Each structure stands twice: as C-alpha cells, then as structure tokens.
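Undergrad: Below are the structure tokens for one structure; questions will follow.
The values are calculated or read from the model by the stated rules, or taken from the named source; none is laboratory data. Values in this document were obtained by computation on a predicted structure and should not be read as measured data. Counting neighbours? That spans all protein chains shown, and the Cβs are built from the backbone with ideal geometry, glycine included. Just so you know, the surface numbers come from the protein's heavy atoms only, side chains and all, with ligands and any DNA or RNA stripped out. Shrake-Rupley method; radii C 1.70, N 1.55, O 1.52, S 1.80 Å.
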Amino acid sequence: MRKYFLVLLLLLMSFQSAFAQVTLNAAPHPTKETVDDRNFIQRLLGIHNAVKWSYYDSSFITDYSKAWTFRFLMENKFNQFLVFNHDRESDQSLLYEPTPHLNLGFGFNHNWLGVNTSFSVPSIDRVMNNENEINTSMFDIQVNVYDVKLVGEFRLQRYKGYYINHFGWKLPNIIGGHNGENFRLAYPNLTTNSFTGNLSYIFNWKQFSYRASYIQTQRQLKSAGSWMAGISYFANSIYNDGDGILGGTTIDFPEMNFQKSVTFGIGLMGGYGYTYVLKKNFYISLTMMPGISYNYTKLTYIEDEPTIDEYRFGLAGVGRFSIGYNKASYFFGLHSALQWNAVFYDTAGLNNINGSFRFVVGKRFNWQLKGKFFHAIGMD
C-alpha cells in the first residue's frame, strides 16, 4: 500500500480559494567518501546517474531526506499593496489588503519531492470575519526551491475583493488611527494579478540549512549563519472596475488614483540569514535581504489624465522568519516569508507585498519504496 501512497497524495492536489505548494529539494546527504559532480537540475530531480556526491558539515546539520516527512498545516496567504506619500510630514498611507482566509491542509516530503496542499474552510472564515464583509476570491500557487546552495519562492496569485485601511506613518497613528480619522472601505471589484519570485545563493551552505527551518527535512544542530545574494522579479497588475483605486477616500493622492496599473521589475538583493539553536531542538531563524530594483510601470486613469508609461528604480527585498522545535521524529513551528517591491513616482509610491504565515506540526517515518521505477526517479 505504501507504494501507492505518493500517487494518492498527488491526486489530492487541487485548489479553489486556497493554495497549492510544491517544494523541490536537493538529493539526500551521502557519505564523505564521494563528491558530487551533478548539476543543479540533476540534484533537484534526484537523478541517479552521478557517482559522486557533495557533503555538508555533519556537526552542524543532520539530514532526514530519506525519511517520509508528513505535516499538518494552517496558513494565511496574502497579496497586499501600499500607497504612500514621499513626504512623511503629510502622515498619510493607504494599505490595500484582502479578507484573510485561514487555510487548513497537509503535505509531505521524501527525497527530492515535497507537496503541500490546503483549503479554506468557510465556517472558519465566518468566525474570522464579519458576515457583512466582502469575501475575497483567490487563486494562489506557490513553489519553493530548497536546494543545498539555492533557496527561493515562486508565486502565481490572483485576488479579487480588497479593503482600504488608512493610517499614518508615525507609530502612534498606525496603532490608534490617523488623527481620529482612520477608516476602512470595501472594494469588491478591485483585482490584482501577480507573478513574483526570488532566488538566492547561500555562501555558507555546508553549515547553514534552510531546509531545517522551513521544510524540516534537515535539523540544524548548532547555531550558524550565512551571507546571501540573489535576484527577485515581479510582474503585477491592479485593476478597479469602474473607479480609481482611491474611490471614496479623501486622501489627496491624484497621481495614484489610477484605474489600472501594470508593473514589471527585477531586483538585486543581498543580506544575511542566521539560525539560533537553543538546547539542541529549539530554533529561531531570520533572514533579511534588501535590494534595488528596476521597474517598468504603466498607470491608466479613468478620466483624462495622461497615462504614466516609464521606467523607474525602486526598492525590493525578501524577509523570512521561522521559530519552532525540530527533533528526529517530529517537529512543529511557525514560519513566514514575504517579498516586497516599492516603486517611487513624483509625489507618491506603490509598494507590492506578497507572502504567507504558516503553522505546521509534522512527523517522520522510515518507510521505503522498492523497485526499479522508484529507484530510477530517485524516490526509493
């Protein structure tokens, strides 16, 4: 029966107002007697045509890729954007965010393959949100790459139905409202489409493991960190049917009251990631990678204002955070990842933010698939 378990899980991958996630991992850690000469694609696919393997520092990292790792997860995915004024003395900012959905799901990892799938639960959504609030419809797929040396995310998202939250730049106003004028407006026809991603190189890959913190196919035995460098890319559209995105607000952002925007961008990032290990099994991991982007933007207005069609520099970046408990047989933890890309215009700016928050509980099993087919595809 275990031979057909993988096929059954793959057939269960579906999504509606939910998300699906696929994780590609490097091949499991071998012995020190051999050195890897496979390329990145061969290692991602688990191809067995190489006779040499690389190895990391076993005093810092333990590998569980050969085990079957199963997890239960709760996750909130989001696609937000922020309109802000260059002059912070004006103390104005608008955050556009969808209605939150708490998704429940499950996933597994074995050798080079990992799959997570989750579904929104209407009864939970009704508890989280008021009955009078709009129900954001969403299509959200995410692919994560966790190679030994490379790490990244790829997202395809479509959201319809947003709220505007008005707050100021200053911390007291963010918490308590903008001079007593904080408001929340519904835009049920506001739609965003985006394809975002990033890929980073881990310089200290022999001692610092991303898989230990985010998919738990490894365990970080001792605290370690690494400098990282990479790229981010971004393609996004925003459209509000029948009106500009400012709608009924009284905020004076005429440059940003577009009906439709299209933005393409690519950025270079650099930063540092570190995992702190406490009492062998508890861990806290944090990565920050700021960068600079170059963007093409086209803003189309509903009235007769000239269309903005130009190239501009901006700010991009990636942040990841994880905290949890990771033992040989089981694990649990809280993980988050976000990516941002801010474009600055003459008097205002637009910052797109994509990411997720996830809580997982999981367990590992030492099962084995036998046969030539499973060996050929690297799943034995």
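Undergrad: Just reorder Ser137, Ser336 by solvent-accessible area, largest first, 1.4 Å probe, all chains present.
TA: Working: Ser137 50, Ser336 25 Å².
Order by accessible area, largest first: Ser137, Ser336.
Undergrad: How large is ³J(HN,Hα) for each residue in the range 72-82, as worked out from phi by the Karplus curve 6.51 cos²θ - 1.76 cosθ + 1.60 (θ = phi - 60°), to whole Hz, x for Gly and Pro?
TA: Those phi angles translate into 9, 9, 10, 9, 10, 9, 8, 9, 10, 9, 10 Hz.
Undergrad: On the protein heavy atoms, probe 1.4 angstrom, tell me the percent of accessible surface of the range 249-370 carried by carbon and sulfur.
TA: Working: 3850 of 5990 Å².
Its accessible area is 64 percent carbon and sulfur atoms.
Undergrad: Sort the following peptides by mean Cβ neighbour count (other Cβ atoms within 10 Å, averaged over residues), highest first: 234-243, 355-364.
TA: Ranked from most to least packed, the peptides come out as 355-364, 234-243.
Undergrad: A follow-up question, please. Quick one: Karplus J couplings for the range 142-152, per residue in order, coefficients 6.51, -1.76, 1.60, θ = phi - 60°, nearest Hz, x for Gly and Pro?
TA: Working through the residues one at a time gives 9, 10, 10, 10, 10, 7, 4, 9, 10, 9, x Hz.
Undergrad: Have a look at Ser336, Tyr311, Tyr325 and report the one farthest towards the positive end of the charge dipole of the range 308-380, computed about the Cα centre with Cβ charges (Lys/Arg +1, Asp/Glu -1).
TA: Positive-end residue among those listed: Tyr325.
Undergrad: Okay, next question. Whose amide H sits under 5 Å from the amide H of Tyr345, counting only residues 5 or more places off or on another chain, with H placed in the peptide plane?
TA: Answer set, sorted by chain and number: Leu350.
Undergrad: Using the Karplus curve 6.51 cos²θ - 1.76 cosθ + 1.60 with θ = phi - 60°, work out ³J(HN,Hα) for each residue of the range 217-230 in order, rounded to whole Hz, and write x for Gly and Pro.
TA: 8, 9, 9, 7, 7, 9, 4, 7, x, 7, 6, 9, 9, x
Undergrad: Mind checking the dipole of the range 280-348: about its Cα centre, +1 per Lys or Arg Cβ, -1 per Asp or Glu Cβ, Debye to the nearest 20?
TA: 940 debye
Undergrad: For a protection proxy built on the mean count of beta-carbon atoms within 10 angstrom, sort 285-294, 143-152 highest first, please. Walk me through the numbers before you get to the answer.
TA: Details: 285-294: 19.1, 143-152: 20.8.
In descending order of packing, they fall as 143-152, 285-294.
Undergrad: Hey, can you grab everything whose amide H is under 5 Å from the amide H of Asn257? Only 5+ residues off in sequence or another chain; H modelled, so Pro and N-termini drop out.
TA: none
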